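For reference, the structure discussed in these notes is given below.
Nothing in this text is a laboratory measurement; each read-out follows from the coordinates by a stated rule. These numbers were taken from a predicted model, which means no experiment stands behind them. Here Cβ is always computed from backbone atoms with ideal geometry, including for glycine, and neighbour counts include all displayed protein chains.
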Amino acid sequence: MSSKTLMSSRTSLPHPSGAFGERVGTLNSAANAPERSMPASEKARRERHRALILPREHGAWGLLLVPIITGAGVAFRECSHIFPLILLSAAALALFWLRTPAESLLGTSVMRAQTTEESRTVKLAIVVLGGVAAGALCALLWAGKNADLWPLGAFVAAAFIAQSLLKKLGRGARMLSQIVGTIGLTAAAPGAYYVITGNFNATAWMLWLANILFAGDQIHYVQLRLHTAKVEGFRAKLVHGWAFALGQALMTTMLTLACMSRLMPAIVSLAFAPLLFRGWFYFIQEPGPLIVRRLGWGELKHATAFCILFIATFTLAR
């Protein structure tokens, strides 16, 4: 046997597994255990602290940023007041972020602050984020400015309270709780439009409706893909996804009515075309393995396309 063959046969040996493998690994690394345990424990501690203060719903960041971007993009056709937008964005992002450390401190989430050090870290995050939100809101509302933000903020607060109550009902109300939370997050669209233009008019309501439709379809599609990963065939998919198909049809109907009533320029409906195509194509596409990371990146691309198309078509419509 040649030396090259011997080398390849050695490198292709399977790694030990099970209890025996764990024992071999323990014996091989016994001498370096004190040096490795400290960095490992420090890394675990940092990761836990990060989980206590950073929002775990990564998709929700997009559900908040897309409305801000679309609302600002449409508003900049009329005005160029960017400072109120910066203040609103800072307040919205800080308040959204604040929920995670607050739940960790109160013990209402899966991750809870258990040690004195963890409580200190969480409290510091709450103070910093609360200070940013309070400062930005005070600047926005100072001397009676942007008065329409008060009822809008009250509605958003009520939506998040309702979402928290729905979460307690269990998995059966999970989809409904997400939709209610989405209605609150997408209020950033009319909010961004209002603080830039000073008007809470039909365009502001249209922005809210458009973002609710977009975000609602995204949430429903992701849940459908996660729960039907092993379903194959058009009929089987339709049986399991009839509610999503109904939602797609309802979204199309609402967009048509919005265009016919001139609440939305007809050309703006093109921004929803990629979303609708993706949704209907699901029922006829070839079966394949579900890669969650790829699904997430795909939805991020759809969100980016929606922002670009929505702002571009709205600008062209004028």
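For this structure, a couple of remarks:
- Contact order normalised by residue count of the stretch 138-198, Cα under 8 Å, 6+ apart, percent: 36
- Ranked by how many other beta carbons lie within 10 Å on average, peptides 214-220, 86-92 from highest: 214-220, 86-92
- Per-residue ellipticity at 222 nm from helix content only, as computed over the chain with -39500 (n - 2.57) for each DSSP H run of at least four residues, stands at -25500 deg cm²/dmol.
- Among Val268, Val180, the order by Cβ neighbours within 10 angstrom, fewest to most, reads Val180, Val268.
- Farthest towards the positive end of the charge dipole of the chain, among the residues Leu52, Thr252, Pro287, is the Cα of Pro287, using unit charges on the Cβ of Lys, Arg, Asp and Glu.
- Within the stretch 219-234: backbone nitrogen closer than 17 Å to the Ile284 label point (7 Å, Cα to C-beta): 233-234
- In order along the stretch 297-306, phi translates into HN-Hα couplings of 5, x, 5, 5, 5, 5, 5, 5, 4, 4 Hz, rounded to whole numbers, per the Karplus curve 6.51 cos²θ - 1.76 cosθ + 1.60 with θ = phi - 60° and x for Gly and Pro.
- When the Cα positions of Leu98, Gln218, Ile68 are compared along the charge dipole of the stretch 57-317, Gln218 comes out farthest toward the positive end, with charges on each C-beta of Lys, Arg, Asp and Glu.
- Here the extension length gained between Phe277 and Lys123 equals 50.9 nm, from 0.36 nm per residue of separation less the Cα-Cα distance.
- Between the Cα long axis of helix 33-53 and the first principal axis of the chain there is an angle of about 20°, rounded to the nearest 10.
- Fewest-first ordering of Thr228, Thr70, Thr253 by other beta carbons within 10 Å of each residue's beta carbon gives Thr253, Thr228, Thr70.
- In the chain, taking the dipole from charged Cβ atoms about the Cα centre, the farthest positive-side position among Gly107, Val231, Val132 is held by Val231.
- Cβ-placed point charges (K, R +1; D, E -1), dipole of the stretch 86-215 about Cα centre in debye, nearest 20: 320
- Rel. contact order, % - alpha carbon contacts under 8 angstrom, at least six apart, the stretch 240-318: 43
- C-alpha long axis of helix 83-106 to longest principal axis of the chain, angle in °: 50
- Counting beta carbons within 10 Å around each of Ser164, Ser41, Ser104 and listing the fewest first gives the order Ser41, Ser164, Ser104.
- Across the chain, Cα pairs under 8 Å and at least six residues apart give a relative contact order of 19 percent.
- Reducing the stretch 181-206 and the stretch 159-176 to their Cα centroids gives an inter-centroid distance of 24 Å.
- Cβ-placed point charges (K, R +1; D, E -1), dipole of the chain about Cα centre in debye, nearest 20: 680
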